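Data first, discussion second: the structure below is written as structure tokens.
None of the figures in this text is laboratory data; all of them are computed from the coordinates on show. For clarity, every value in this text was computed on a predicted model and none was experimentally measured. Quick reminder, even Gly has a Cβ in these numbers, built from the backbone with ideal geometry, and neighbours come from all protein chains shown.
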Amino acid sequence: MAPIHIIGVPLDLGAGRRGVDMGPSAMRIANVGERVSALGRTVTDRGDLPAPIREMCRPGDPAKKCIEDIEGVCRSLFDTALAAHRDGAIPVVLGGDHSLAAGSATATAARARDDGERIGLLWIDAHGDMNTPGISTSGNVHGMALSALLGGQPVELSGFGPAGPAVEAEHTVLVGVRNLDPAERNLVLDSGIHVYTMKDVDQLGMARVAEKALDLAGSGTAGVHVSFDLDVCDPGIAPGVGTPVKGGLSYREAHLLMETVADSGLLRALDLVELNPILDTRNTTAELGVELLLSALGRGIL
């Protein structure tokens, strides 16, 4: 089994609500390293990458707030995650806001390109994260990360990996979405990515959605980068997120999705993002994040 490298990214510059910078600490308090080790995996915790606090960042362009500082953190994460890949490990990135995925997923793509291959991307999120500086009403960069990975805006988050988009639309799957901005909806529809909304989960069932999503992301690729925003889960089981949306994944739906990831053998890297301990109840959401990680790494019922 591939070893696991844990990388903390205490970044909250891309979010509108403060607190997600404490997410890595909350998951360590939930004993993430020890519990992954108990699965028989070799675990290396590479600590937290440096990330500026809001009071020290340069706000810059209000259409993409703090973009220079976010770019710096993503570049650092790209280098750290790529080194983990080249050591034969699976990077597990603890966030931090979802803008960090521009660094982590690009690193997974860069490692695949070492062998002339591409990756698939499973973006599990209540939101589309395909806003751009031109259409965003908030300027919050965590809502733009998927756009950047597909070769769009902001360009600061798409220029530090190999030339061209980090991921291709045909191998990108958005799961669990239920809250899109009006202009963003058009970008999603025009992008060519595959989307399974919560309506699809309701109608098809999570078993079928997970199977189809992994087939789309995994076929013809070197594996799948999974970027899991904890706000995809219903606030009833994940209260500690910055942008909760009612009607999300249930406890068993979320675990079934991650168990199916493990069964596929396609996992190459995993992000767990948008955990906000300030809004949590007795570390409930951090515990959930660690449990979902264990499911993705193969912890079974039997």
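Criterion first (over 29 Å from V36 (Cβ atoms), free of Cβ contacts under 8 Å to residues at least 40 places away in the same chain, of a type outside the set (V, I, T) and surrounded by fewer than 22 Cβ atoms within 10 Å (Cβ to Cβ)) does G116 satisfy it? I'd like the intermediate steps shown before the answer.
Values: over 29 Å from V36 (Cβ atoms): yes; free of Cβ contacts under 8 Å to residues at least 40 places away in the same chain: yes; of a type outside the set (V, I, T): yes; surrounded by fewer than 22 Cβ atoms within 10 Å (Cβ to Cβ): yes.
Yes: the conditions hold for G116.
Just wondering, is there one or more residues in region 228-246 that are free of Cβ contacts under 8 Å to residues at least 40 places away in the same chain, under 16 Å from the mean Cα position of the chain (by Cα) and under 19 Å from G120 (Cα atoms)?
no
Tell me, please, whether a residue that is of a type in the set (G, A, S), without any contact (Cβ under 8 Å) to a residue 40 or more places away in the chain, farther than 15 Å from A105 by Cβ and surrounded by fewer than 24 Cβ atoms within 10 Å (Cβ to Cβ) can be found in region 133-155.
No, region 133-155 contains no residue that is of a type in the set (G, A, S), without any contact (Cβ under 8 Å) to a residue 40 or more places away in the chain, farther than 15 Å from A105 by Cβ and surrounded by fewer than 24 Cβ atoms within 10 Å (Cβ to Cβ).
When residues of region 216-275 are filtered for being surrounded by fewer than 24 Cβ atoms within 10 Å (Cβ to Cβ) and in a helix (DSSP H, G or I), how many remain?
Qualifying residue count for the region: 12.
Looking for something part of a loop (DSSP other than H, G, I, E, B) and in contact with an Asp or Glu (Cβ under 6 Å, 6 or more places away or on another chain) - is there at least one such residue anywhere in region 88-97? Can you show your working first?
Quick first cut of region 88-97, residues part of a loop (DSSP other than H, G, I, E, B) only: 88-89, 96-97.
Pick out the ones that are also in contact with an Asp or Glu (Cβ under 6 Å, 6 or more places away or on another chain) and you get 97.
Checked region 88-97: at least one residue is part of a loop (DSSP other than H, G, I, E, B) and in contact with an Asp or Glu (Cβ under 6 Å, 6 or more places away or on another chain).
Provide a single number: the residues in region 276-298 that are closer than 30 Å to R113 by Cα and either part of a helix (DSSP H, G or I) or out of contact with any helix residue (DSSP H, G or I) (no Cβ under 7 Å at 6 or more places or on another chain) (or both). Lay out the reasoning, then the answer.
In the first step, residues of region 276-298 are kept if they are closer than 30 Å to R113 by Cα; the result is 289-290, 292-298.
Those still in the list that are either part of a helix (DSSP H, G or I) or out of contact with any helix residue (DSSP H, G or I) (no Cβ under 7 Å at 6 or more places or on another chain) (or both) too: 289-290, 292-296.
Residues that pass the stated criteria total 7.
Could you say whether any residue in region 41-51 is in contact (Cβ under 8 Å) with a residue 60 or more places away in the chain, surrounded by 15 or more Cβ atoms within 10 Å (Cβ to Cβ), in contact with a strand residue (DSSP E or B) (Cβ under 9 Å, 6 or more places away or on another chain) and part of a loop (DSSP other than H, G, I, E, B)? Please lay out each step first, then the result.
Filtering region 41-51 for residues in contact (Cβ under 8 Å) with a residue 60 or more places away in the chain gives 41.
Subsequent filtering for residues that are surrounded by 15 or more Cβ atoms within 10 Å (Cβ to Cβ) retains 41.
Remaining after also requiring in contact with a strand residue (DSSP E or B) (Cβ under 9 Å, 6 or more places away or on another chain): 41.
So of that shortlist, the ones also part of a loop (DSSP other than H, G, I, E, B) come out as 41.
There is at least one residue in region 41-51 that is in contact (Cβ under 8 Å) with a residue 60 or more places away in the chain, surrounded by 15 or more Cβ atoms within 10 Å (Cβ to Cβ), in contact with a strand residue (DSSP E or B) (Cβ under 9 Å, 6 or more places away or on another chain) and part of a loop (DSSP other than H, G, I, E, B).
Hey, any hits in region 158-168 for a residue that's part of a loop (DSSP other than H, G, I, E, B) and within 18 Å of D231 (Cβ to Cβ)?
Just the residues of region 158-168 that are part of a loop (DSSP other than H, G, I, E, B), to begin with: 158-168.
Narrowing the set further to residues that are within 18 Å of D231 (Cβ to Cβ) leaves none.
Within region 158-168, none of the residues are part of a loop (DSSP other than H, G, I, E, B) and within 18 Å of D231 (Cβ to Cβ).
What residue, among those in region 104-125 that are of a type in the set (G, A, S) and in contact with a Ser or Thr (Cβ under 7 Å, 6 or more places away or on another chain), is farthest from A222 (Cα to Cα)? Full working, then the answer.
At the first step, the residues of region 104-125 found to be of a type in the set (G, A, S) are 104-105, 107, 109-110, 112, 116, 120.
Still in the running and in contact with a Ser or Thr (Cβ under 7 Å, 6 or more places away or on another chain): 105, 120.
Details: A105: 13, G120: 8 Å.
Looking at the filtered set, the residue picked out is A105.
Among L189, L216, L204, which is within 13 Å of M130 (Cβ to Cβ) and of a type outside the set (F, W, Y)? Before you say what the answer is, go through the steps one by one.
Working: L216 fails: within 13 Å of M130 (Cβ to Cβ); L204 fails: within 13 Å of M130 (Cβ to Cβ).
Unique residue meeting the criteria: L189.
Of the residues that make up region 70-87, is at least one part of a loop (DSSP other than H, G, I, E, B) and hydrophobic (A, V, I, L, M, F, W, C)? Working first, answer last.
Here is the first cut: in region 70-87, the residues part of a loop (DSSP other than H, G, I, E, B) are 87.
Still in the running and hydrophobic (A, V, I, L, M, F, W, C): none.
No, the conditions are met nowhere in region 70-87.
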